[in-house]
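Asks: There's a structure below that I have some questions on.
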Amino acid sequence: MKQRIAVIGGGVIGLSTAYALIRAGHDVTLVERNEDVGLGASYANGGQLSYRYVSPLADAGVPRQALRWMLKSGSPVSLRLRADPNQWRWMFSFLSACTHKTNRQSTAALLSLALRGQDELAAWRAEGLDGFMWRQPGKLVLYRQDAAFRKAMFSIHDAKLERALSPADCAKIEPAFAHLAPDLAGGIFSPEDEVADSHLFCKALKASLLCEPRFRYVQGNSSLAPDTENRCELKVDGRRFTTDLIVLAAGLGARDMTIPLGIHLPLYGLKGYSLTLRPSPETMPSVSVTDYDNRVVYARLGDALRVAAMVDIGAEDATFNPTRLASLRTLVKRTLPHIADESGNDNPWTGLRPATPTGVPIIGRSRYTNLLFNVGHGALGFTLCTGSAARIADIIGPAETYGVQ
Ligand SMILES: Cc1cc2nc3c(=O)[nH]c(=O)nc-3n(C[C@H](O)[C@H](O)[C@H](O)COP(=O)(O)OP(=O)(O)OC[C@H]3O[C@@H](n4cnc5c(N)ncnc54)[C@H](O)[C@@H]3O)c2cc1C
């Protein structure tokens, strides 16, 4: 049945949701509080559409590894404990999720969502969605430690789609990292993985949606409150907004928005950093690369190289920590010493990954009959946005049902 649906949030998740619901034939209004779309966590992320490498942070051994990282400056994860109940609640659930079993279950859930999303994006692109620097160069994960490389080899799901490589073969696949070969245990190459610019993707989705008469874009601040008969009420800038269904896709903002509803979404903002360099084309990597031990990702987006890294727990604001930024710059210089930025500006950016403790997003109906969630995509929101949007469209159903009455 055709529905009027309000989608709250203009990041990759909200825009993809709006796009999938328009494709399903519904009337959609997207509400975004910022002056434009894609200015939150979706702005300058790592650019990897990492469909096959989806293992979440929560895993057995991670708490011990994290303790080692805490004692080392410039490590991938930093922790600052605060008198913040959100942080303590999230960390307790995160630690409980650090088991082999939960990691296996979460990885399976994420993989199925990611693969669905890859098909979905292919369909959207085939219909003409473009302008976001999409490429399919494959992704290479480089391992320096034997144990981690062996574990990655054992978790290969499909040998056609993921290949274990020797250090020499890693150097052949991506010569820009060839000098690291003597320090490597090996690499895993996923030839079908993709890259794209997440901010341009948001803009492309908005531009395409605005051509659709069933779509409306509203700039305003949304809030939710309980209404009658297990429904909730949506207000935009304080004024009641009438709609059949609401899909909450407001990233980290969803946590505060659901408090008046008596719902505590287990979301926490994990701060990360990115740099956007403009080196000469000859020195640029082409393949998308993850330096596993340093947890740094590299993706070529047009004539720019996006580098993203760092998980800061306990810094839920988007300000730069100069020490962490300096550590990232040092890591990049050490890893790719021949890559000189020719623009003189590495465009530092910081964003908060809206993360659940297990790494699995919250997608589905809430206890309010008119409210659905599409939140908590953490470190993989760009990869998962199209699959998550398709799930929401499945749950709501198409505007018209044909055949069986
Ligand atoms: C450093 C870094 C690197 C990353 N690299 C990758 C990567 O390589 N691959 C990958 O797949 N993922 C990556 N991610 C993760 C990905 O960027 C996020 O998961 C994703 O952007 C989350 O999208 P979102 O739409 O949920 O949130 P957001 O992009 O933050 O969007 C939420 C929107 O909701 C709006 N909003 C909030 N509250 C309200 C309200 N009350 N009313 C109206 N609007 C509201 C906000 O203004 C915002 O625009 C990375 C993240 C970071 C920080």
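The values are calculated or read from the model by the stated rules, or taken from the named source; none is laboratory data. Note that the structure is a prediction, hence the values are computed from the model and not measured. As a convention, Cβ positions derive from the backbone with ideal geometry for all residues, glycine included, and neighbour counts pool all protein chains shown. Side chains are part of the model used for accessible areas, which takes the heavy atoms of the whole protein and leaves out ligands, DNA and RNA. Shrake-Rupley method; radii C 1.70, N 1.55, O 1.52, S 1.80 Å.
Asks: Using each residue's phi in the range 185-195, evaluate 6.51 cos²θ - 1.76 cosθ + 1.60 at θ = phi - 60° and report the 3J(HN,Hα) Karplus result to the nearest Hz, with x for Gly and Pro.
Replies: With coefficients 6.51, -1.76 and 1.60, one gets 8, x, x, 10, 10, 10, x, 9, 6, 10, 9 Hz.
Asks: Beta carbons within 10 angstrom, averaged per residue: use that to sort the peptides 251-258, 212-219, highest first.
Replies: Values: 251-258: 21.5, 212-219: 14.8.
Packing order, densest peptide first, comes out as 251-258, 212-219.
Asks: As an exercise, find the ratio Rg/Rh for the range 36-81 from alpha-carbon atoms, using the Kirkwood inverse-distance average for Rh.
Replies: Values: Rg = 14.6 Å, Rh = 13.5 Å.
Looking at the range 36-81, the ratio lands at 1.08.
Asks: Any idea of the accessible area per residue across the chain, 1.4 Å probe, to the nearest Å²? It would help to have the intermediate numbers written out before the result.
Replies: On the way: 17860 Å² over 405 residues.
Result: 44 Å² per residue.
Asks: Also, I was wondering about something else. Can you give the net charge of the other residues whose Cβ lies under 11 Å from the Cβ of ALA176, counting K and R as +1 and D and E as -1?
Replies: Values: positive: ARG300; negative: GLU174, GLU282.
Taking every Cβ under 11 Å from that of ALA176, the sum is -1.
Asks: Using 1/(1 + (r/R0)^6) with R0 = 35 angstrom and r between the beta carbons of ALA159 and ASP317, what's the FRET efficiency to the nearest 0.05? Could the numbers behind the result be given before it?
Replies: Numbers: r = 44 Å, r/R0 = 1.26.
So, using R0 = 35 Å, E works out to roughly 0.20.
Asks: Let me ask something else about it. Bin width 10 Å, alpha-carbon pairs only: give the P(r) of the range 48-175 as whole percents, running from 0 to the bin holding the largest distance.
Replies: That works out to 9, 30, 33, 22, 6, 0, in percent per bin.
Asks: Determine the percent antiparallel among the DSSP beta bridges restricted to the chain, to the nearest 5. Walk me through the numbers before you get to the answer.
Replies: Details: 45 of 69 bridges.
DSSP beta bridges in the chain are roughly 65 percent antiparallel.
Asks: For the peptides 357-369, 6-18, what is the packing order when you average, over each peptide's residues, the other Cβ atoms within 10 Å and list the highest mean first? Intermediate values should be presented prior to the final figure.
Replies: Details: 357-369: 19.6, 6-18: 30.5.
Going from most to least packed, we get 6-18, 357-369.
Asks: As a test of the formula, what do you get for the chain when each DSSP H run with n ≥ 4 contributes -39,500 (n - 2.57) and the sum is divided by the residue count, at 222 nm and rounded to the nearest 500 deg cm²/dmol?
Replies: Helix-only estimate at 222 nm: -9500 deg cm²/dmol.
Asks: Can you give me the Kirkwood hydrodynamic radius for the range 345-391, using every pair of distinct Cα atoms, in Å to one decimal?
Replies: It is 12.1 Å.
Asks: In vacuum, with every alpha carbon of the chain counted as one equal point scatterer, what does the Debye formula give for log10 I(q)/I(0) at q = 0.07, 0.10, 0.12, 0.14 Å⁻¹? Two decimals, please.
Replies: Log-scaled intensity ratios, in q order: -0.32, -0.66, -0.95, -1.29.
Asks: Apply the Karplus parameterisation 6.51 cos²θ - 1.76 cosθ + 1.60, with θ equal to phi minus 60°, to every residue of the range 260-270 and state each ³J(HN,Hα) to the nearest whole Hz, in sequence, with x for glycine and proline.
Replies: Calculated HN-Hα couplings, in order: x, 8, x, 10, 10, 6, x, 10, 9, x, 9 Hz.
Asks: Also, I was wondering about something else. As an exercise, identify the trypsin sites (Lys or Arg not before Pro) in the range 263-307 lying in DSSP coil whose Cβ has no more than 14 other Cβ atoms within 10 Å. Mind dumping the intermediate values first?
Replies: Working: sites: LYS271, ARG295, ARG300, ARG306; in loops: ARG295.
Hits after loop and neighbour filter: nothing returned.
Asks: Taking square-rooted eigenvalues a ≥ b ≥ c of the alpha carbon gyration tensor, is the range 200-326 rounded, prolate or oblate, where a/c under 1.5 means rounded and, failing that, a/b exceeding b/c means prolate? All intermediate terms of the calculation are to be shown ahead of the outcome.
Replies: Details: a/c = 3.19, a/b = 1.70, b/c = 1.88.
Oblate shape, in that a/c is at least 1.5 and b/c is the bigger or equal ratio.
Asks: Would you kindly state how much longer the chain becomes between ASP84 and ALA207 on full extension, computed as 0.36 nm times their sequence separation minus their alpha carbon distance, in nm to one decimal?
Replies: Value of the extension gain: 40.3 nm.
Asks: Of the heavy-atom accessible surface of the range 145-246 (probe 1.4 angstrom), what whole percent is carbon and sulfur? All intermediate terms of the calculation are to be shown ahead of the outcome.
Replies: On the way: 2750 of 5380 Å².
The C+S portion of the solvent-accessible surface of the range 145-246 is 51 percent.
Asks: At a 10 angstrom cut-off on C-beta neighbours, averaged per residue, how do the peptides 384-390, 60-66 rank from highest to lowest? All intermediate terms of the calculation are to be shown ahead of the outcome.
Replies: On the way: 384-390: 28.6, 60-66: 14.6.
Ranked by mean Cβ neighbours within 10 Å, highest first: 384-390, 60-66.
Asks: Regarding the range 156-220, what's the average projected area of the Cα-atom convex hull, expressed in nm²?
Replies: Dividing the Cα hull surface by four gives the mean projection, 8.2 nm².
Asks: Pull up all non-local amide H partners of SER222: gap of 5 or more, or a different chain, and H-to-H distance under 5 Å with H placed in the peptide plane.
Replies: Amide H neighbours of SER222, under 5 Å, 5+ apart: ASP237.
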